[in-house]
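For reference, the structure is listed below as structure tokens.
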Amino acid sequence: MRGYSGNKDALEKRLARIEGQVRGIAAMIGNDRYCIDVVTQVQAARAALSKVEAELLRGHVSHCLDEAAASGDAEARAVKLEELMRVFPRMAQD
């Protein structure tokens, strides 16, 4: 079981909407829509992806990291924490 398993259906629906947004952006470019209108839609898609990312991270902390900590296995806890810490610098680059 993954940390997001309880929200899997909602995440899949959200991602399907984002996929539709990205297709819409491609159509806007194909139709030579105004630059700022396209950028606005790109920002909306990025914000939607950020919400999915936050939900996945929340699941990781509340399930994976908590489970490793509760196990009493310091090495397993350190591994999960290190995984989480490696993600944060990549998030800051976006």
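The values are calculated or read from the model by the stated rules, or taken from the named source; none is laboratory data. Just so it is clear, the model here is predicted, and its values are computed rather than measured. Cβ sites come from the backbone with ideal geometry, for glycine too, and all protein chains shown count toward neighbours. To get the accessible areas, we keep the full protein, side chains included, count just its heavy atoms, and leave off ligands, DNA and RNA. Shrake-Rupley method; radii C 1.70, N 1.55, O 1.52, S 1.80 Å.
Observations, loosely collected:
- Residue among 30, 3, 20 that alone is open to solvent by less than 50 Å² (accessible area, probe 1.4 Å), small (Gly, Ala, Ser) and without any contact (Cβ under 8 Å) to a residue 24 or more places away in the chain: 20
- Residue 55 meets the conditions (1) under 25 Å from residue 17 (Cβ atoms); (2) loosely packed, with under 11 Cβ neighbours inside 10 Å in every case but one. The failed one is (2).
- Test result for residue 16, farther than 21 Å from residue 87 by Cα, assigned to a helix (DSSP H, G or I) and at pLDDT 95 or above: yes
- The stretch 68-92 - residue that is assigned to a helix (DSSP H, G or I) and among the charged types (D, E, K, R) and, of those, nearest to residue 50 (Cα to Cα): 90
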